[in-house]
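Q: Please find one structure pasted underneath; my questions will follow.
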Amino acid sequence: DTGVSQNPRHKITKRGQNVTFRCDPISEHNRLYWYRQTLGQGPEFLTYFQNEAQLEKSRLLSDRFSAERPKGSFSTLEIQRTEQGDSAMYLCASSLGFQPQHFGDGTRLSIL
Amino acid sequence: SQQGEEDPQALSIQEGENATMNCSYKTSINNLQWYRQNSGRGLVHLILIRSNEREKHSGRLRVTLDTSKKSSSLLITASRAADTASYFCATPSINYDKVIFGPGTSLSVIP
């Protein structure tokens, strides 16, 4: 069990640029989740996959956000045309079915 | 949509004291989970309690669940400086396909 890995750990970009984050889940986990967390708040659900199928995307999520999980392995989260309000910690978690989730240490995004 | 909410928002205690934080939720659940998050890190699962359980222990942690009051509590006994972290309760979404996290309790344990 090597844990959930997220890259990069930190990303600083200018407003309007596109960014992509990567998450490598625990290998035998079939579920993968993306969350956004701002200071003093709990993780806010963005989307989740079961194997390669994206089963739900938060209604709060702008069309500028897209996620993929090709072949049911790693996942990427892309934000297009970043805005100041996108500054946050982006967390990835994985689980085997409905078992408790294992989290990565997140990617902290700062928009200049 | 927020399901669970922790109380208090922040708690500061001396090392060796007990820390109690509470979680209230709105709809029916089949289980409730508690997670810990150290500053700048991801969340770590602590304990899961099922709806037919009233109390569960894990080391220095004790979790209770009162489904009639829709509330849970997390007790950390004999706290240590290393327990300084944010603690979140997580409850199932309405269709039970994912969990929803509360805003958390920030615990500071002073050496």
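A short reminder: the numbers here are calculations on the coordinates, not readings from a lab. Just so it is clear, the model here is predicted, and its values are computed rather than measured. When we count neighbours, we look across all protein chains shown, and the Cβ atoms used for this are built from the backbone with ideal geometry, even at glycine.
Q: Expected output is a single nm value to one decimal: the length gained when fully extending between A:R59 and A:S73, i.e. 0.36 nm times separation in residues minus the C-alpha distance. What is it? Intermediate results must be reported in sequence, preceding the final value.
A: Values: separation 14, 0.36 × 14 = 5.04 nm, distance 2.46 nm.
Full extension from A:R59 to A:S73 adds 2.6 nm.
Q: Turning to a different aspect of this structure: Lysines within cross-link reach of B:K26: Cα-Cα under 20 Å, excluding same-chain residues under 8 positions apart?
A: Straight-line reach from B:K26, under 20 Å: B:K69, B:K70, B:K98.
Q: Also: For A:K57, give me every one of the aspartates and glutamates with a C-alpha distance below 19 angstrom, ignoring sequence neighbours fewer than eight places off in its own chain.
A: Within reach: A:E44, A:E68, A:E78, A:D86, B:D97.
Q: OK, next. Please provide three numbers in whole Å: the alpha-carbon extents of the stretch A:4-44 along the principal axes, with the largest listed first.
A: 37, 23, 15
Q: Right, here's the next one. Sorted from fewest to most neighbouring beta carbons within 10 Å, what does the list A:L61, B:L32, A:L77 look like? Don't skip to the answer; put the middle values down first.
A: Values: A:L61 16, B:L32 27, A:L77 22.
Least crowded to most crowded, the residues run A:L61, A:L77, B:L32.
Q: Under 18 Å from a label point 7 Å along Cα→Cβ of B:S12: give me every residue in the stretch A:33-49 with its amide N that close.
A: Only A:40 pass the distance filter.
Q: Can you tell me how much longer the chain between B:T20 and B:N38 gets when fully stretched, taken as 0.36 nm per residue apart minus their C-alpha distance, in nm with one decimal?
A: Values: separation 18, 0.36 × 18 = 6.48 nm, distance 1.75 nm.
Once the chain is fully extended between B:T20 and B:N38, it gains 4.7 nm.
Q: At 7 Å along Cα-to-Cβ for each site, give me the label-to-label distance between A:R81 and B:I94 in nm.
A: 3.1 nm
Q: What does the convex hull of the Cα atoms come to per residue for the stretch A:3-112, in Å³?
A: Numbers: hull volume 10.2 nm³, N = 110.
Once divided by residue count, the hull of the stretch A:3-112 is 92 Å³.
Q: Please provide three numbers in whole Å: the alpha-carbon extents of the protein assembly as shown along the principal axes, with the largest listed first.
A: 48, 37, 33
Q: Using a 10 Å cut-off around each Cβ, can you sort B:L43, B:L74 from fewest to most neighbouring Cβ atoms?
A: On the way: B:L43 30, B:L74 25.
Ordered by Cβ neighbours within 10 Å, fewest first: B:L74, B:L43.
Q: Still on this structure: If you rank B:V99, B:V63 by fewest surrounding Cβ atoms within 10 Å, what's the result?
A: B:V63, B:V99
Q: Please give the length that would be gained between A:Q99 and A:N18 if that part of the chain were fully extended, namely 0.36 nm times their separation in residues minus their C-alpha to C-alpha distance (nm, one decimal). Intermediate values should be presented prior to the final figure.
A: On the way: separation 81, 0.36 × 81 = 29.16 nm, distance 3.33 nm.
Taking 0.36 nm per residue and subtracting the Cα distance, the gain is 25.8 nm.
Q: Counting only GluC sites (Glu not before Pro) that are in a DSSP loop and have at most 15 other C-beta atoms within 10 Å, tell me the longest site-free stretch of chain A. Can you show the working numbers first?
A: Details: sites that count: A:E28, A:E52, A:E83.
Value returned for the longest uninterrupted segment is A:53-82.
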